[in-house]
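Just so it is clear, none of the values below were taken in a lab; they were calculated from the coordinates. Note that the coordinates shown come from a computational prediction; the quantities given were computed from them, not determined experimentally. Neighbour counts run over all protein chains shown; Cβ positions are idealised from the backbone, glycine included.
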Ligand code: GLP
């Protein structure tokens, strides 16, 4: 789906999320949301906050699982995804703190693998993710599943690509201060989500969008796996769609 600009695209994604939440409210069930960070979903979160404040959208039945977190990372750091989610969404809406999940960047290394299995188990116990939203890295990564990630990959500690670190280095004040690893939800759990919405804005994403949508399905471009998902939508602005 191609929109004139990212503002109208973001509103439409927020509307799809609100619809999912309200449908589940009507059924008296929790809505399991897979949430993303990065600059791309910021407009969506702003619109969700507006829907909560001005149109009474409640998040009381929402249980959220974020895709990823840098490792190591202190939750109170301005660069943490915990900080990002609190500032942009959680503290402005009525989601219950115990219903929000973000991979823990403070674990000791030997505990990561158990922690990741647990993270996936929690999602499974709730019946899976209802709606997963995604951005896309310049190399086609989803979450922090970098090129080479397998379609059945699990939630795990990964090494970040040089290009990913370079893109993040402006936030960290230099490449040497940018984390080398992260914990990410695996591709498998993303593919198991009932619906997926991947968003991309701007000319800079147009090549990787073309590769993801029209190229071969390959682990070199993890977003291309979504071609095989039963309900995945790419929501783009005109510039990101310009090479299609
Ligand atoms: C990070 C995040 C991804 C995100 C990507 C793109 O790597 N872990 O989930 O999709 O950045 O970032 P941006 O939306 O800022 O282009």
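Among the DSSP beta bridges whose two residues both lie in the chain, what percent are antiparallel, rounded to the nearest 5?
30
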Connecting every pair of Cα atoms under 10 Å apart in the chain and solving the GNM, the largest mean-square fluctuation among 22, 53, 132 falls on 53
By Cβ neighbour count within 10 Å, fewest first, 110, 146, 47 rank 110, 47, 146
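State the extension gain, in nm to one decimal, for the chain segment bounded by residue 98 and residue 207, taking 0.36 nm per residue of separation less the distance between their alpha-carbons. Mind dumping the intermediate values first?
Values: separation 109, 0.36 × 109 = 39.24 nm, distance 3.93 nm.
Here the answer is 35.3 nm.
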Quick calc: nm separation of the 7 Å Cα→Cβ label points for residue 54 and residue 74 -> 3.8
Note: residue 15 to residue 29 extended length (0.36 nm per residue) minus current alpha-carbon separation gives 3.2 nm
With no solvent term and unit scatterers on the alpha-carbon positions of region 1-133, Debye gives log₁₀ I(q)/I(0) at q = 0.10, 0.15, 0.19, 0.23 Å⁻¹ of -0.33, -0.75, -1.14, -1.49
Taking 62, 78, 196 and counting other beta carbon atoms within 10 angstrom, the fewest-first order is 78, 196, 62
A correct fewest-to-most ranking of 165, 180 by other Cβ atoms within 10 Å would be 180, 165
If the label point sits 7 Å along Cα→Cβ of residue 114, residues of region 152-168 with amide N under 18 Å come out as 155-157
Zone reached by a paramagnetic label modelled 7 Å from residue 87 Cα along Cα→Cβ, restricted to region 35-78 with backbone N below 13 Å, covers 38-39, 42, 76-78
Checking 100, 181, 163 against a Gaussian network model of the chain (alpha-carbon springs below 10 Å), the top fluctuating residue turns out to be 163
Inter-part gap, Cα centre of region 52-68 to Cα centre of region 99-178, in whole angstrom, is 21
In terms of the alpha carbon gyration tensor, root eigenvalues a ≥ b ≥ c, rounded if a/c is under 1.5 and otherwise prolate when a/b exceeds b/c or oblate, the chain is rounded
Rounded to the nearest whole number, the Stokes-Einstein translational diffusion coefficient of region 176-227 at 37 °C and 0.692 mPa s (Kirkwood radius, C-alpha pairs) in µm²/s is 255
Comparing 95, 136, 190 in a Gaussian network model of the chain (Cα, 10 Å), the one with the largest mean-square fluctuation is 95
